[in-house]
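Scroll down for the structure; my scribbles are underneath it.
Each value in this text was obtained by applying a stated rule to the coordinates, not by laboratory testing. From a predicted model like this one, the values you see are computed outputs, not experimental measurements. Virtual Cβ from ideal backbone geometry, glycine too; neighbours counted across all protein chains shown.
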Amino acid sequence: MSEIPAKATESKDPSDGARAEATDGLTSGDPTSGGVPSAGVSPVEALAADASSVAPSGTPPSVGGPAVDGMWQSSPPGSMYDYIRVASFSIGPDGLVDQWSLRAEQLLGIPAARAVGMDPIAAFVDPDRRERGQRKMAEILDGREWTGVVPFRIPDTVDDEPDREGVAEVYVMPTRTEDGEKAAVCIVVDVRTLRSIETDLAASQAIFGQSPFGFLLIDPDLRVRRANQQFASTFGGVPDDHRGKGVHDYLPRAEAERVAATMRRVLETGESITDMHVTGFVPDTDGHRHWSVNLYRVHSGSGRPIGIAWLGIDITARRAAAREAAAARRNLALLNEAGARIGNSLDLETTARELLDVVVPGFCDLATVDLYQGLLAGDETPPGLADGSADVRRVAFASAVSGAPFSVTGEPVKLGAVHNYAFNSPCADALRTGRPRLVPGEEGGLVRTTLAVPMVAHDTVVGLAQFARTKGSEPFGDRDRDLAVELAARAAVCIDNARLYRREHERALLLQRSLLPPGDPEASGLDIACRYLPGSAATGRSGEVGGDWFDVIELPGHRTALVVGDVMGRGLRAAVAMGELRSAVRTLAQLDLEPAEVLSHLDEIVQGLGAPGGVQQATRAARRPREADLSEVYLATCVYAVYDPVTRRCTFANAGHLPPVLVEPGEAALMLDVPPGMPLGVGGEPFEEVEVELPEGALLALYTDGLVESRDHPLDEGLQAFVGALTDPPHPPSGHHPATTAPHAGTHRDLEDVCDHVLNTLDTHHGEDDIALLMARVQGLPADSVGDWTLPREPRSVGRAREHARTRLLAWGLEPLVDTAELLVSELVTNALRYGEGEIRLRLLLDRTLVCEVWDAGLVQPRRRRARDTDEGGRGLQLVGLLSAAWGSRRTPRGKTVWFELPLPNGETPLPDPSEALLSLY
């Protein structure tokens, strides 16, 4: 047992009101003063007083409290004694315990059966102080009250276990038994529990009083029982002024009902509420205030709910900052979305719609885009831009409001309509100044406010975007205005780029179309049909022009060159390169070179396209890698075919192009086995030729890869679909039989039907590339339209040639051409005898014109020269040039051919007079 203090204070009889002086180690005090000397205030009385201030409604009043009618009513435990360990027992006249409470059993750990009859001094007081204790007990039994702090020990009932020790505050009150004998009642309180409660109360008071948050204790009737200073400083007055008030005294009705319902739920379920946002007003201030409130149920020591604790913090500034941050995040998200979605298409209307898809409904409720009509039409500086009154076209409209009109300011404007703004209108002012204008909505109208934002790109106003918010939405602020300007500027740049692209695309397309054969090409012994579809027409989307081209070139002897090619790449660069190649092909074709030789020359030309110095410079650059990187690389594919209607033979040469497709009458279509070769521009590889005899009525198709290749379908699948479409052509009109129809009399329309059938069948295979399709149906020259003679190498052959020509022309009914033809045939045969070698061959061909060809084995090409007045000869070729529509010479595998061409008499164009031509030479 611990040592008893050296001094103890003893109280005297209550009647004399004096305090006892120091006694034997028992500290005493006056019970009427309510205090323990060391603490100044009795913990029991202090807690009882505090309990009276926080006791819930309906509980009995605490000691010292005012008497109420229900003070003797039964109620569940819940007073301060639930927290204080209090025990009681009584001492009989003999100084022994005669009654022992259950609380005493719990506090001291001794059952009543053992405690009754014990001497408390002998049982709990240290042996060194038992004498004094016995003397004190005698005084108590003599009728004196006593209170003090007593160290005690509790003997343990288990062997070899140490006794438990403690300190108790003891309050002893004299009493008498039924027989009138003197006895005493003792109340014992665990001092350690008292000190702990004192500490907790001090800490609770400090937290409650010094908390920077609004702190309320609310009773089960949802009335304020206690408020701290922070709450009072917010809502005015002192803390006591708020006692008895409810949430309806502080919050608007709807908000108060919501908060009250939440508090009832917390009181009923015990579930805490964290960070509940409450909105209300504070006296003498403007605007809403926002609080974050935490609610939790408060219990007594026995666990009975006695109220709710309210802890609130003002988050008005935080909410404002959160709104600012949310607005900033929203704006950033809108800008990010705008960057991702606006400008994906180089189409003006699509770009405008992309802008509205971003802003509605995330930024506004209604939006429109108007673009200057002059800019859309391709004008660089349309009239009226300076004052903002020029015509504009409504290109896009979006609404998040059902049934909203196609306008946000002024009269409704339909989508696609052309209109203008009045000079003094806010919209015209925005266009004129290049600055946004905030336009208030009309009274009673749907729109609350409108932002009219000019769309400025590269210091040029291209149109006007209007963003409107309807009734019920927040009005536009400065941040909204800045965001609208940024969004409009981004869209304006994309729209201006689309406008510039459209202009360039139209020019490139115009250039490309100007380089293609005009109208329907014609050729001897062939029916021609062709199709050219730019990428935008093939797909329904705007695309760049490509380098696809086709051509039909008339060659001497009624032969025809068929050309289809594709410059790799897109845009104006590819179109210009295509134009250069087409011109080169025509030039080389007029030289009447073999197809493989034509492609070889084209290969050299393509290699020189990317180098300023041409082929030689490109070759030097290839030897120096650094310079080679600076030159552009051009590649192209091409198939070149030459058809002879007399023999119906066609010679093909291919430079990396897709193979031609041939459809013979009654047979399935097939791809011709033409060696593919390398694309033009690669260089270093020779090109091969393949000669194919085409039967009468056969169909030949040349095409570019845009017809059969796309992103969604592989090339092989497209080729098979193309071959299948040609194998199953459309049925000819009723009563029409192409095989028995005369040349140039109705089969052209059927070939056009075949072209349309192919394009319709392969519609799903169309990609973004251009499509060029050239189809030719073979119809060779009839045998009676050809005159062919072989003449010996002797002077008499000149006369025989004139006779053959006269006879055949008369048989053909071409008597007006007889004299001219005889004269020119005589000149060519005479030159072949004089300057040529071997046998002489004369051939006359009748088709759209009359062609005369003279062949010999000599390799020396005739050269036209101007004869002097004194020369006897040298005027033959001059005469041929004067009397013929065209003339020339070409090399053949066995020599050369000199030819001339005469137009057929039609009564409109007068034929040249040979006599006048002869006289003009002198």
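Residues 889, 196, 402, ranked from the fewest to the most other C-beta atoms within 10 Å, line up as 402, 196, 889. Kirkwood's formula applied to the C-alpha pairs of segment 326-507 gives a hydrodynamic radius of 16.2 angstrom. Projected label points at residue 264 and residue 513, each 7 Å from Cα along the beta carbon direction, are separated by 7.9 nanometres. Each of 414, 896 was scored by other Cβ atoms within 10 Å of its Cβ. Listed from fewest to most, they are 414, 896. How much net charge surrounds residue 188 when only the other residues with a Cβ under 13 Å from the Cβ of residue 188 are counted, with Lys and Arg +1 and Asp and Glu -1? Counting the neighbours of residue 188, the net charge comes to 0. A straight chain from residue 482 to residue 503 at 0.36 nm per residue would run longer than the Cα-Cα distance by 4.4 nm.
Going from the fewest other Cβ atoms within 10 Å to the most, the residues 152, 235 appear in the order 235, 152. Spin-label model, residue 304 to residue 860: label points 7 Å out along the Cα-to-beta-carbon direction sit 14.1 nm apart. As an exercise, use a Förster radius of 60 Å and the Cβ-Cβ distance of residue 199 and residue 341 to find the FRET efficiency, rounded to the nearest 0.05. After rounding to 0.05, the efficiency reads 0.40. Between residue 811 and residue 693, the simple spin-label model (points 7 angstrom out along Cα→Cβ) gives 2.3 nm. Applying both filters, DSSP loop and at most 15 other Cβ atoms within 10 Å, to the trypsin sites (Lys or Arg not before Pro) of segment 452-512 gives 471. Among the GluC sites (Glu not before Pro) in segment 168-264, those placed in a DSSP loop whose Cβ has at most 16 other Cβ atoms within 10 Å are 178, 181.
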